[in-house]
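Here's the structure, in structure tokens; my notes come after.
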Amino acid sequence: MTVREKTRLEKFRQLLSSHNTDLDELRKCSWPGVPREVRPVTWRLLSGYLPANSERRKLTLQRKREEYFGFIQQYYDSRNEEHHQDTYRQIHIDIPRTNPLIPLFQQPLVQEIFERILFIWAIRHPASGYVQGINDLVTPFFVVFLSEHVEEDVENFDVTNLSQDVLRSIEADSFWCMSKLLDGIQDNYTFAQPGIQKKVKALEELVSRIDEQVHNHFRKYEVEYLQFAFRWMNNLLMRELPLRCTIRLWDTYQSEPEGFSHFHLYVCAAFLIKWRKEILDEEDFQGLLMLLQNLPTIHWGNEEIGLLLAEAYRLKYMFADAPNHYRR
């Protein structure tokens, strides 16, 4: 650990242990990334799940965890009833497809946890119910809260080595933090997904202003933004990035006002422009779509995400506050 990293970690520890954590200051510190050691508690605070007052935290956690397992007792058996069967079946199909290349998520115990979290969320949010894509949004929280109890590589960890109490805490905390996130973007998942349609349209408008050449290139080869950017909005770029990069991205999203909705739009624009050379080199519809659906980010790490976020911030600064937002 470098001197700079040690200093940053110390700053986080001071903030987190103070009687009343200054959330504005915590957001400011978290924007450029949260140290792994303090990420679980920082995320609980940033998502609004834990109170800023440190004396109330223990009791809040206990109460919220009990409340979640109360929902399980109350609702989970109804998954086999006729009116919930479709929801449960869809969740059951989607979960093995969530991060299929990461051994952690192929473990039966982890898949059961995800089934419970998603089913309870769907039952409690009938306006949207369960929609494909929501399954991805549990994984960063689950991995971060798991990392609190695991020193080694989380992605290959066998969860049967943990006590039932620890697993229950991770499950309940993942449920509540995912719920908080979804509260801010629920119109992405209501009928016909109007939030996503709107955001894809906004991305198209934004790109037409930032990089007319790329925009016209898409028009020339009849590439519709919806064909690639629907997934970017629906899954918050999680299908385009390694999980470690998503977690780093979410440090910033949770520090930024409307990070998962408004700021995400600028991140998508910056992400698209990052590949402008490759995009302009492709000269047919098929090639462009293949490129856009398989962007080569497998080796990305914190540095690439840092640059992406800096560019997104620059775009937001230039365009968000302009009058006639997104309009020529």
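The values are calculated or read from the model by the stated rules, or taken from the named source; none is laboratory data. The structure presented is a predicted model; accordingly, all values stated were derived computationally and were not measured. Here Cβ is always computed from backbone atoms with ideal geometry, including for glycine, and neighbour counts include all displayed protein chains. Heads up: the accessible areas ignore ligands, DNA and RNA and are worked out on the full protein's heavy atoms, side chains in. Shrake-Rupley method; radii C 1.70, N 1.55, O 1.52, S 1.80 Å.
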R0 of 41 Å, Cβ-Cβ distance Phe69-Glu278: FRET efficiency to nearest 0.05: 0.25
Relative contact order of segment 244-312, pairs being alpha-carbon contacts under 8 Å that are 6 or more residues apart, as %: 51 percent
Computed magnitude of the charge dipole of the chain (debye, nearest 20; Cβ of K, R +1, Cβ of D, E -1): 900 debye
From phi via Karplus (6.51, -1.76, 1.60), per-residue ³J(HN,Hα) for segment 116-121 in Hz, x at Gly/Pro: 5, 4, 6, 5, 4, 4
Zone residues, segment 280-318, relative to Asn216, backbone N less than 19 Å from point 7 Å out along Cα-to-Cβ: 280-285
Cα-based shape type of segment 146-208, given that a ≥ b ≥ c are square roots of the gyration tensor eigenvalues and the cut on a/c is 1.5: prolate
Between segment 22-73 and segment 100-125, the Cα center-to-center distance that results, in Å: 21 Å
Phi-based couplings in Hz for segment 292-308 (Karplus 6.51, -1.76, 1.60; Gly and Pro marked x): 5, 9, 9, 5, x, 10, 3, 9, 5, x, 4, 5, 5, 5, x, 5, 4
Leu109 paired with Asp77, simple spin-label distance in nm, labels 7 Å along Cα-to-beta-carbon: 2.6 nm
For segment 200-328, accessible area per residue (1.4 Å probe, heavy atoms of protein chains only), Å²: 47 Å²
Relative contact order [Cα under 8 Å, 6+ residues apart], segment 5-148, whole percent: 19 percent
For Phe285, solvent-accessible area (1.4 Å; no DNA, RNA or ligand), Å²: 70 Å²
Whole-number percent relative contact order across the chain, with pairs defined as alpha carbons under 8 Å at least 6 apart: 18 percent
Of all accessible heavy-atom area on the chain, the percent that carbon and sulfur account for (1.4 Å): 49 percent
Distance between modelled label sites at Ile102 and Arg239, nm, 7 Å Cα→Cβ extension: 1.6 nm
